1. Of the residues that sit in the range 178-218 and are modelled with pLDDT of 95 or more and of a type in the set (Phe, Trp, Tyr), which one is surrounded by the fewest Cβ atoms within 10 Å (Cβ to Cβ)?
2. Name the pairs: first residue in the range 99-113 and on the phi < 0 side of the Ramachandran plot, second residue among the acidic types (Asp, Glu), Cβ to Cβ under 8 Å, at least 6 apart or on different chains?
3. Taking the condition of being within 20 Å of Pro103 (Cα to Cα), buried (at least 19 other Cβ atoms within 10 Å of the Cβ), touching an Asp or Glu at 6+ places or on another chain (Cβ under 7 Å) and not hydroxyl-bearing (Ser, Thr, Tyr), how many residues in the range 144-177 meet it?
4. From Thr166, Thr141, which residue is hydroxyl-bearing (Ser, Thr, Tyr), over 20 Å from Ile29 (Cα atoms) and touching a residue at least 12 places away in the same chain (Cβ under 8 Å)?
5. Just need a number here: residues in the range 177-216 that are over 24 Å from Tyr45 (Cβ atoms) and among the hydrophobic types (A, V, I, L, M, F, W, C).
6. Please go through the range 13-30 and pick out each residue that is in a loop (DSSP other than H, G, I, E, B) and more than 24 Å from Tyr72 (Cα to Cα).
7. Which one is nearest to Ser125 (Cα to Cα), of the residues in the range 68-105 that are of a type in the set (Lys, Arg) and surrounded by fewer than 23 Cβ atoms within 10 Å (Cβ to Cβ)?
8. Please tell me if Asn65 is surrounded by fewer than 19 Cβ atoms within 10 Å (Cβ to Cβ) and out of contact with any strand residue (DSSP E or B) (no Cβ under 8 Å at 6 or more places or on another chain).
Amino acid sequence: MVNYKEKVTMDSSGFVLLADYVPGIIQEIRYYSTYNFIGDRIDGYEEPCAIITKEAARALKSVSNEMNVQGYRLKIYDTYRPAGAVRHFVMWGIEDTDIRMKPYFYPNLMKQDLFAQGYIASKSSHSRGSTVDLTLFDMSTGKELDMGSPFDMFSEVSHPDYMGITEEQYHNRMILQNVMKRNGFKPIDCEWWHFTLEDEPYPDIYFEFPVSSEYLKDKH
């Protein structure tokens, strides 16, 4: 079996800027900002831009086209995540006593529970380049659809099939779930916003290059 370190690469040749494929997306790259569960910008996020594999970008273009007809735009929170960013999460979980963002993102859990319950992984599908965290933006109201919990709320309320939310909130989740599945993405059971391309091109490779449009330009 190949170990994790041997599968890490800096090669970004199979990646694109998502905005080049889906110009209408809204980008709020949370790990570039300090408004995330750690409270600092995350290692490797040099620009607030969504980078993703070409295959996943094409699939998201189809999602976007379908949603645009219904009056929605895609709002992206995260796509490709460098392996070093995931290490930042892990080290924060192990060594850092800082819990200043607890009230906003994990009010009912201890830090170690975030890993034990699967909310944070020591190896993330995001680092393979074909995973996206997103929501829907309603063009008629100028607001995100109400999904019943905010992005990165580590709680049972964020499970896609959680029934303790309003009928409208559940319906909104199902709009997102169904359009993503129709276009080749698979969800996970603990985060309504998280989807991975079923036929991801790099199922066994984790990438390390920075989230940077300049890096992509230099390497292409």
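1. Tyr202
2. From the range 99-113, the pairs are Phe105/Asp152; Tyr106/Asp113.
3. 1
4. Working: Thr141 fails: touching a residue at least 12 places away in the same chain (Cβ under 8 Å).
Only one candidate qualifies: Thr166.
5. Counting residues in the range 177-216 that are over 24 Å from Tyr45 (Cβ atoms) and among the hydrophobic types (A, V, I, L, M, F, W, C) gives 1.
6. Residues satisfying the conditions are Ser13, Gly14.
7. Only one residue tops the list, namely Arg87.
8. Against the criterion (surrounded by fewer than 19 Cβ atoms within 10 Å (Cβ to Cβ) and out of contact with any strand residue (DSSP E or B) (no Cβ under 8 Å at 6 or more places or on another chain)), Asn65 qualifies.
The values are calculated or read from the model by the stated rules, or taken from the named source; none is laboratory data. This is a predicted model, so every value here is computed, not measured. All Cβ positions, even for glycine, are placed from backbone atoms using ideal geometry, and neighbour counts span all protein chains on display.
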